[in-house]
Structure formats: structure tokens, C-alpha cells
1. Before we move on, is ASP98 of a type in the set (D, E, K, R), assigned to a loop (DSSP other than H, G, I, E, B) and either under 25 Å from the mean Cα position of the chain (by Cα) or within 24 Å of ALA192 (Cβ to Cβ) (or both)?
2. Do we have any residue at all in the stretch 48-60 that's in contact (Cβ under 8 Å) with a residue 60 or more places away in the chain and outside any helix (DSSP H, G or I)?
3. Here is a check on your reading of the model: is ASP130 within 24 Å of LEU485 (Cα to Cα), out of contact with any Gly (no Cβ under 7 Å at 6 or more places or on another chain) and either in contact (Cβ under 8 Å) with a residue 60 or more places away in the chain or assigned to a helix (DSSP H, G or I) (or both)?
4. Go through the stretch 264-293 and give me each residue that's in contact with a Leu (Cβ under 8 Å, 6 or more places away or on another chain) and over 12 Å from VAL475 (Cβ atoms).
5. For residues that are modelled with pLDDT of 85 or more, touching a His at 6+ places or on another chain (Cβ under 8 Å) and over 17 Å from LEU476 (Cβ atoms), tally how many sit in the stretch 323-363.
6. Looking at (1) among the aliphatic types (A, V, I, L, M); (2) touching a strand residue (DSSP E or B) at 6+ places or on another chain (Cβ under 6 Å); (3) surrounded by fewer than 18 Cβ atoms within 10 Å (Cβ to Cβ), which one does ILE128 not meet, given that it meets all the others?
7. Which residue, of GLY472, GLY497, is on the phi > 0 side of the Ramachandran plot and touching a His at 6+ places or on another chain (Cβ under 9 Å)?
8. Anything in the stretch 267-295 that is acidic (Asp, Glu), at pLDDT below 95 and surrounded by 17 or more Cβ atoms within 10 Å (Cβ to Cβ)? List them, or say none.
Amino acid sequence: MTALETVHAIELRGITKRFGAKVVANDHIDLALDRGEILSLLGENGSGKTTLMNMLSGIYLPDEGEILMEGKPIAIRSPKDAYDHGIGMIHQHYKLVDVFTAAENIVLGLHDGKKLDRKEIARKVREISDKYGFGIDPDKKIYDMSVSEKQTVEIVKVLYRGADILILDEPTAVLTPQETDRLFDILRAMKADGKAIVIITHKLHEVMAISDKVAVLRKGKYIGTVNTAETDPQKLTEMMVGHAVSLNIDRPEAKYHDLRLEVKGLNCLGSDGVPALTDVSFQAMGGEILGIAGIAGSGQKELLEAIAGLQKAESGHIFYYPPHPKSDIAGKHVPVDKAGEELVGKTPTQIQKIGVSLAFVPEDRLGMGLVGGMGMVDNMMLKTYKEHPGPFVDRKPPKALAEKLIDELEIVTPGVNTPVRRLSGGNVQKVLVGREIASSPTVLMTAYPVRGLDINSSYTIYRLLNEQKMKGVAVLMVGEDLDVLLELCDRILVLCGGRVSGVVDGRTATKEEVGLLMTHVGGGKEAEDHA
């Protein structure tokens, strides 16, 4: 190294990682990170972002290349090696023990069976908290914590271990706007203290707000690093995908607006016997996208499952009404009672038999939505196998549907019989949404449809939802990105602790207004106000 070369906190040179003979996740990546800097790592699904950071945090070993710290080569063969070098990663899915306290999780694995000095641990945790502005109770159990509190524990855990290079994978995925702002304040305080921080994210507005530099990967290759102040979301998108992409989310006006679902006084219990929904009332219209916002665990899952007949309602009503007679979907599904069909107390099969066509894209794509070990053809058949009694099934229609979806949605798969668990998250979501839409629904419900998806895949999903809306379908979309909900949805129903805290107009509401409703019941429009 010459005297003129810059010495970086961490530098990756020619890092390559292969999985099998054909998949090159990272192809000779060069990347540098300095102290007192926040670097955003951008790229489409499957571009190799998390794989690259997993090598820096000791989860994977590179096949080629070297890692340098302060200009000197180092070997990182395990997460312990990474910690020894001051590198800590906060993963998207938190790795905490629910029945332990914050302090117990923070020191887990550090004391090799020795007796814990709880007072000293609590003192050090509070010292870290005071330094960076964390609000953390060392004695609080994880199961009593909100999502943002759990994330705080994960960050304190890596700081307690001496990390001064931090990697955060999708850190704002399930945070409210207020929680996101607070996290960013903490990251800025850590940056001012000389920490080096990498954020993996898909949210371009957050990249512009928090980062100093942006590094872009595309299909496993390093495209370049730019100063955030010298770029914009449009340029970053073009770097990510290789061509110009419109960043405007459409919100077209449907020809017909008609009442499709009416929920009245709905009460449901969660799996733990605690009320998950309390006196929930609202209307969903055909020809609109109704967004459903709320912090994680506010009853979103139970609400969609109750409408689909998968969750038992303790009391209340869910009435379904047929489409407008002149809409594109009219006449295909006519319920027995045109004045409103009660769905509470009916199974999904019974709901289907009375002529109500519901499509449900659950949050758990490979657990509840699709069978990971099956290919696309078999997963298409799951929706219709009851229509073909007898020992033989006709595989031609589902095969034709699978091929049609691959063509229309640009699904990347080796073949229609390749197990769907081998596909990237974006392609799995396209398979699931495509299959549900192919059933010509009158109500389409989807939970977190673009969670973890890159920009191209996300805009494909937005287009599909808008197409259904324009046909007269009532679309219910549980989302976590308030910027997207406010751009895409006609109205937004906000849940807080299993109650409706307000229904707002997507065209006029602000992110701050929705964020406040997510944490406080009341203060917005009443659920019965459907103007």
C-alpha cells in the first residue's frame, strides 16, 4: 500500500461468493466504509446485498477476495471473529429469547457459565443508552416489548460487545414513521461518535435522509458508490436496475364505487386467547384500494383471516355485497342474498359455494400461501383441486396458467416444476399474487405484498392491484410503508391495539397523521364515516 492510498475502516477487495456451480451471489465486489459515515447498500432482490454483509459479519466465508481493516488483511470465519474485530450485524428478523430480559439477551453467550453481575450489566446498558439516546429498561422482558424496543435491544447488544462497525438489514421494515425518525437520530449520534454504519434497505427516501454515501449492487456485481448529496432517487433506481424506471405510483379512478364488504362490531381472539380485534367496524368498496395500517400485531392478520373464514369471530358481522351490475366482474359471482351475505360463521369452502370469490395473499408466503417444495404447476392446482373429484387431475390448465404468469409477470424460474422455495422473494410473491388474481376475485386481500421486494417487483405488484381495482374488485392491502399507502390507496384504515383508530383519505392524509393514529386510538375520522 502506498502512502497516498486512503486507509478505510473496512475495505472489501474482489469478494466473490458462489452457491453451487451456477449461482454467483457476489462477483468480485469492491467496497469501502469509513468511520463517522453511514453507507446505504442498495440493490434489487437477489443482487447479493445480504450475502455480502453476511461475509463481513462471519456467517459466510468468501470464496475469493480479501477483507481489510484499517488497511490490514483480516480473516472473519465466524460471528465471534467479527465481534473480535468490532463488527456487529442487526438482522431483519431479530434473534432474541422472548422469555429473557433485555439485559439477559444483551449478555447472552458472553459469560461462559459464570455468575452474572446484574448490577454491572444494567449499569453498562444504561451507560450505552444514555450516550446514544436509547430508551431501554434492562429488566423488561422481550415478550413485553414493541418491535422498535426489540430492535433497540439488538443494537445495544452489538454495542455492548464493543462493535464500532454496525450493519443493519432493513432496519425500518416494521417501524412507524415516529420510530423511524427516532432510530435515525440514534444512528446520527453513533455516526458523530465515529461509528461506521451500513444500512441495507429498499426505501429510497430513507436512503436520501440518513446516508452519506450509497453503494449499488446489480445481479451480484458492484456498480459503484456515490455521495448521497450528489444523487437522487431516480439516478439510484437507474443504477439498481440498469435502465430508467418511473417512480410514480398510479392512483387511477375506477368507474364504479359500490359497497362490497361491511364489517360491524367484529371481535376476535388471538392464538393466545387475548382479544386481537375489538369492536372493529368499517366498509370496503369495490373499485378502491383500502389500505390497512398499524404497528406489527395490531390485528391486521386476524382481520383478513376473519374475512376469509380462517379466523373465528367471537361476535360481530361481516356482510358481503355483489359487484355493480355494469362492472367488469359483475355476473361472475352472485351471492345467494343480494341484500348482503353474512360471512361470519362460514368456512372458506362455504364462502366459495355461495358464490363469493375471495382471494387472499397472506403475509406468510411459503407457510400459508404456497407449498415451498412444490413447483408452480402444483401450487396453481392447490386453488382448484376440489373442482376435480376423482383420482385423476388435468395438469394442462394449471401448467398453462403457470406459463402465462411467468410470461406476464416476468417471473424468473428455471422451470414450472422448480420448487418455489428456490425462487427469490420477489418471484415467490409474483407467483402467489398471480395465482390469486387468476381466480377472478371480487375481493382481493393482501398482507405486506411488497415486503422485502426490490423496486421493479414492487411496481409490478402495485400495477396488479390497480388493475384489479379498475375492474371493480375491492382490494384490501395491509402495508407497512406509509409513503406507499398514501400514494397507492384511496382510503386508509388505521388499527391500534386491535381497534379502529381512524379511516383517512389517502389523497389528503399525511404520514404524521397516520403515524399518530397507529399509536393512539381516536383522533381521526370515525370508522363509520365513509365519505
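1. On the way: of a type in the set (D, E, K, R): yes; assigned to a loop (DSSP other than H, G, I, E, B): yes; either under 25 Å from the mean Cα position of the chain (by Cα) or within 24 Å of ALA192 (Cβ to Cβ) (or both): yes.
Taking the combined requirement at face value, the residue satisfies it.
2. Checking the stretch 48-60: at least one residue is in contact (Cβ under 8 Å) with a residue 60 or more places away in the chain and outside any helix (DSSP H, G or I).
3. Values: within 24 Å of LEU485 (Cα to Cα): no; out of contact with any Gly (no Cβ under 7 Å at 6 or more places or on another chain): yes; either in contact (Cβ under 8 Å) with a residue 60 or more places away in the chain or assigned to a helix (DSSP H, G or I) (or both): yes.
The answer is no for ASP130.
4. So in the stretch 264-293, the residues in contact with a Leu (Cβ under 8 Å, 6 or more places away or on another chain) come out as 266-268, 275-277, 279-286, 289-293.
Answer for the stretch 264-293, where residues must be in contact with a Leu (Cβ under 8 Å, 6 or more places away or on another chain) and over 12 Å from VAL475 (Cβ atoms): LEU266, ASN267, CYS268, PRO275, ALA276, LEU277, ASP279, VAL280, SER281, PHE282, GLN283, ALA293.
5. Going through the stretch 323-363 one residue at a time, the tally reaches 1.
6. (2)
7. Numbers: GLY497 fails: touching a His at 6+ places or on another chain (Cβ under 9 Å).
Exactly one of GLY472, GLY497 is on the phi > 0 side of the Ramachandran plot and touching a His at 6+ places or on another chain (Cβ under 9 Å), namely GLY472.
8. Here is the first cut: in the stretch 267-295, the ones acidic (Asp, Glu) are 272, 279, 288.
When the remaining residues are screened for being at pLDDT below 95, the result is 272.
Those that are acidic (Asp, Glu), at pLDDT below 95 and surrounded by 17 or more Cβ atoms within 10 Å (Cβ to Cβ): none in the stretch 267-295.
The values are calculated or read from the model by the stated rules, or taken from the named source; none is laboratory data. No experiment lies behind these values; they were computed from the predicted model shown. We place every Cβ from the backbone using ideal geometry, glycine too, and count neighbours over all the protein chains shown.
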